[in-house]
Amino acid sequence: MPAAEKPPAPTDLRAFIEALRPDALSRGVSPRTFAAAFSVTTADPDVLARTRRQGEFARPVWEYLVGAVSPGRIARGQAQAARLAPTLAAIEARFGVPRWIVLAFWGVESDFGASAGTVPTVRALATLAQAGFRGTLFRDELLAALTILERGDIAPSGMKGSWAGAMGQVQFLPSSFLAHAVDFDGDGHRDIWGSQADALASIANYLKSLGWNPALSWGYAVTLPPGFDLTAYRADLSDFARRGVRRTDNAPLPSSGNASLFLPGGLGGPVFLITDNFEVVRAYNTSDSYALAVGHLADRLAGGPSLVAPWPSDAARLDKGGLQALQTGLSARKLYAGEADGRAGPKLREAVRRYQIEQGLPADGYATPALLEHLKHRP
C-alpha cells in the first residue's frame, strides 16, 4: 500500500457518514443496520498513522521471511495440519488447492487465526474513506462492509480486522468477502472470523477463482549449473531441467509448465523458478516478499527443507529513493513503464533484466546501488 505524504488529522465523521447514507440505502442496507454500524462517529488516529508504512514493502525479503516463516510458525502450522486433516482434505478435493498453500496463507495472514485483528472494520474503513486515502477504494469497501452486515454473516461488534479494513482470519477486504467467502461448515453464515472451516475454504475458493493451477506449485527452490545463461530466464520447466537446473530438495521438476527465474537477492542468493501460481499468490497481496513467504512457508509445512543459499544481508541495497531513481532512469531508456513508486516488484525486475541484457551484465533482475551507478554513467 503506498505511503501517504502526511496522514490527515482525526476528525468528526458524522458529515461523511450522513453523505454515505443514500448510497448505502440504495444498495439495500436498512436504516437499522446503518445506524448499528456507525455507533462510533470519530476517526481512528491510529489508522491514519498506519497509512505511512507497510512492512512487506519496506523490509528486505530476508528480514520479512524471518518472521513469516519462523520455526515456531512452522511447528504451529504442522500441528494445525494434523488437527484439521479431514477438513483440509475436503477443501483440497473441492477447490483443487493444496492444503499446504491454504495453511500458509492462514499462517501469514493471522498466525492460524491467533492474530486476526482487533480493529473495528467499519470505523477503520470510514476513517480511510473520509480521508480520501487511495481515492474511492475505501468508500467502496465501506459500502461492501455494510452489505455484509445487512446479510447477517456477522454482527457489527464482531466485524474486526486490520487497520486497513482487511477482516478476520483470512484478512479479506469486504469486496473479497462478498465475492469469495464460503460457508463450508454449513451453519448458514460465511464466518471468516470464528469458523476455521469457513476461513480455510474461503482462501481456497479465492485462489481457485484467481486461476490456481493444481498441476503446479507456486515455484521451486533451485540451483543453477555453472555458466547458466541468465538471459533465457523464461521457459518451460522441462527446458530448465534440460539446461541443468535442479530443485534443492532433489525432487524432479514437473515435465511441463511455464516458469521464470526469480533471484530476490541476486546472484549468490537463493534462486527460484516461479510459475503462474506465484502471480496468483501475488494477487492476494502484491508484495514479492509476501508471495515468497507464503510459498516457502507452504513448502516447509509440507516437510520441505530450509533455504541453503545465503541472503546478501550485509550488502548495500537501494532505499526507496534509490529504487525511484532507478525506475526513473530505466523509464528514460524506455525499459520501465510505470510509476516511480520505489517498489522492487515484477515491473522493475523485468526492466532491470532488460537493461542488464542490453549492457552485457549478469541478468539476475536484482536492483542494487552498483546497478544504479552503472545506469547513471551510461549515455
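The values are calculated or read from the model by the stated rules, or taken from the named source; none is laboratory data. In this text, all values refer to a predicted model and were calculated from it rather than measured experimentally. Glycine also receives a Cβ, built like all others from the backbone with ideal geometry; neighbour counts cover every protein chain displayed. Keep in mind that these areas ignore ligands, DNA and RNA; they rest on the heavy atoms of the full protein, side chains included. Shrake-Rupley method; radii C 1.70, N 1.55, O 1.52, S 1.80 Å.
The share of accessible area on the range 102-226 that comes from carbon and sulfur is 49 percent, using a 1.4 angstrom probe. For the range 331-362, GluC sites (Glu not before Pro) are listed when DSSP marks them as loop and at most 16 other Cβ atoms sit within 10 Å of their Cβ; the list is GLU339. When ARG134, ARG14 are compared by accessible area of protein heavy atoms, the largest-first order is ARG14, ARG134, using a 1.4 Å probe.
Couplings for the range 66-79, taken from phi via the Karplus curve 6.51 cos²θ - 1.76 cosθ + 1.60 with θ = phi - 60°, read 4, x, 6, 10, 7, x, x, 5, 4, 5, 5, x, 5, 5 Hz in order; Gly and Pro are left as x.
Around the amide H of GLY161, modelled in the peptide plane, lie the amide H atoms of THR118, VAL119, THR121, GLY168, all under 5 Å away and 5 or more residues distant in sequence or on another chain.
Name the residue from LEU361, ALA340, GLY77 whose Cα lies farthest towards the positive end of the charge dipole of the chain, charges +1 on Cβ of Lys and Arg and -1 on Cβ of Asp and Glu. Going by the Cα projections, it comes out as LEU361. The residues of the range 182-307 have, on average, 38 Å² of accessible surface per residue, using a 1.4 Å probe with all protein chains present. Can you tell me how the range 49-178 classifies by the Cα gyration tensor, rounded, prolate or oblate, using a/c under 1.5 as the rounded cut? Because a/c hits 1.5 or more and a/b fails to exceed b/c, the range 49-178 counts as oblate. In angstrom, the C-alpha Rg and Dmax of the range 300-379 are 14.5, 50.
Sites listed here are trypsin sites (Lys or Arg not before Pro) in the range 182-275 whose DSSP assignment is loop and whose Cβ has at most 14 other Cβ atoms within 10 Å: ARG243. The equivalent ellipsoid that matches the C-alpha gyration tensor of the chain spans semi-axes of 38, 27, 16 angstrom, in descending order. Estimated from helical segments only, the mean residue ellipticity of the chain at 222 nm is -14500 deg cm²/dmol, where each DSSP H run of four or more residues counts as -39500 (n - 2.57).
Taking the chain as a Gaussian network of alpha-carbon nodes connected by springs under 10 Å, the highest mean-square fluctuation of the residues GLY211, GLY269, GLY360 belongs to GLY360.
The Kirkwood hydrodynamic radius of the range 119-213, based on inverse pair distances between different Cα atoms, is 13.3 Å.
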